[in-house]
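Peer 1: Shown below is the structure under consideration.
The values are calculated or read from the model by the stated rules, or taken from the named source; none is laboratory data. Owing to the predicted nature of the structure, the values given are computational and were not obtained by experimental measurement. FYI the Cβ positions are ideal-geometry reconstructions off the backbone, even for glycines, and counts take in every protein chain you see. Surface accessibility is based on the protein's heavy atoms, side chains included, excluding ligands, DNA and RNA. Shrake-Rupley method; radii C 1.70, N 1.55, O 1.52, S 1.80 Å.
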Amino acid sequence: MNNQKPLGKLIAIGGNEDKGTYSSASVRKKYYLNFFELGILRRVVQESGKEDPRIEVVTTASMIPEEIGKIYVSSFGMLNCRNVGVMDIRTPEHARIPMYLERLRRADVVMFSGGNQSRLREMFGEGEFLEILNARYHRESNFVVAGTSAGAMAMSKIMIRGGSVPDALMKGAVKIGSGLGLIDDVVIDSHFVKRGRFGRLIEAVSLHPKLIGIGLGEDTGVLITGGNIIETIGSNLVIIMDGHTIQHNNAAVVKKRRGAIRGEHDDARAGQRQRVRYRRAKILRRQNQLCRNGDCRAAGTGVGVLKLIYEGRAAFLNLI
């Protein structure tokens with residue numbers, strides 16, 4: 001674990017960000033705040049501090065890397081960025097090629113595409129590519145690491161590898177693994193609202209209550225600076241889940257099997273009534289406190305940050 005406060009910036013995007021390519025007028029309407037001109041990809045460029053930064057797009061997570069690479073080159077080109085390269089790294093051996101390592105050392109922005117987040121860990125693991133990326137992120141101001149969908153989920157040390165949405169909250173349904181470890185204190189899920197992944201993130205946070213859960217809506221992201229300050233960008237929602245006040249969790253003793261999960265029920269075995277109460281959601285504005293100890297604060301834009309607080313008198317989650 002690196003205890004140095006990072007000087008670089010992370011931009012985690014929930015997927016399906018506006019790339020300025022529309023198949024029809026109705027498709028364009030969904031980007032109702034015109035966020036291609038004012039939004040995420042432009043913000044990625046701006047945070048580098050340069051008008052035409054050197055951008056490297058890493059398509060490793062994608063099953064269609066060549067197509068995805070072309071889309072990003074074209075999209076950044078619309079923002080007058082001409083110094084854009086694509087790293088089509090498909091094996092751990094590719095990740096060790098000196099040419100790729102040198103390009104990583106020279107990049108101002110590294111953008112991880114969507115796809116399968118487990119592939120990012122598999123390809124980069126503990127190798128030199130990840131060491132260079134981590135070192136630059138911690139030591140160089142204005143160095144930007146961006147990721148969309150799988151690329152965002154892989155940024156954290158603890159990563160959601162996958163899991164069925166309908167079966168979430170049933171023990172073993174949500175697969176947890178190791179990510180790239182650029183940030184230690186959060187766990188991230190993407191396509192959060194569109195695909196109804198609330199249960200996945202609730203389970204991940206309940207199993208790792210010292211982490212802050214970040215659920216990213218599509219065409220929406222968070223800019224993380226200093227390792228603990230977040231600002232929302234984009235046209236949708238960011239959902240924050242804080243499990244620091246969880247008092248009890250019986251996941252460690254429950255067997256992996258299917259069963260019903262109830263938010264409020266009587267637990268005869270424990271002899272006490274358990275309940276989970278959802279406090280009214282709050283929109284956090286700039287510099288509102290996110291964590292009780294003040295180590296993780298949220299800065300809201302016009303879209304804001306939605307904070308859901310889950311409280312349990314005896315238990316946060318009962319896995320049957």
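Peer 1: Taking just the alpha carbons, could you work out the radius of gyration and Dmax for region 45-173, both in angstroms?
Peer 2: 15.2, 48
Peer 1: Got a sec? Charge dipole of region 27-167, +1 on Cβ for Lys and Arg, -1 for Asp and Glu; which of Met153, Ile64, Val44 is way out at the positive end?
Peer 2: In region 27-167, that residue is Val44.
Peer 1: For region 36-155, with every protein chain kept in place, what is the accessible area per residue (1.4 Å probe, Å²)? Provide the component values of the computation, followed by the final result.
Peer 2: Numbers: 5010 Å² over 120 residues.
Accessible surface, normalised per residue, equals 42 Å².
Peer 1: Note down the magnitude of the dipole of region 161-223 about its Cα centre, charges +1 on Lys and Arg C-beta and -1 on Asp and Glu C-beta and zero elsewhere, to the nearest 20 debye. Can you show the working numbers first?
Peer 2: Working: 8 positive and 7 negative charges, 47 e Å.
The calculation lands at about 220 debye.
Peer 1: Ranked highest first by average number of other Cβ atoms within 10 Å, how do 67-74, 93-100 line up?
Peer 2: 67-74, 93-100
Peer 1: Then there is this: Within the set Lys9/Lys70; Lys9/Lys194; Lys50/Lys70, which residue pairs have Cα atoms separated by over 30 Å? Spell out each step's value before the answer.
Peer 2: On the way: Lys9/Lys70 25 Å; Lys9/Lys194 26 Å; Lys50/Lys70 22 Å.
None, as every Cα separation is 30 Å or less.
Peer 1: Quote the accessible area belonging to Val165 in square angstrom, nearest 10, computed with a 1.4 Å probe and with ligands, DNA and RNA left uncounted.
Peer 2: It works out to around 50 Å².
Peer 1: Ok, one more. With the dipole of region 176-260 worked out from charges on the C-beta (+1 for Lys and Arg, -1 for Asp and Glu) around the Cα centre, which of Ile239, Asn228, Ala251 lies farthest toward the positive end?
Peer 2: The residue sitting farthest along the positive end of the dipole is Ala251.
Peer 1: Let me ask you something else. First compute the accessible area of region 100-141 with a 1.4 Å probe, then give the percent of it belonging to carbon and sulfur atoms.
Peer 2: Looking at region 100-141 in its full context, I get 38 percent from C and S.
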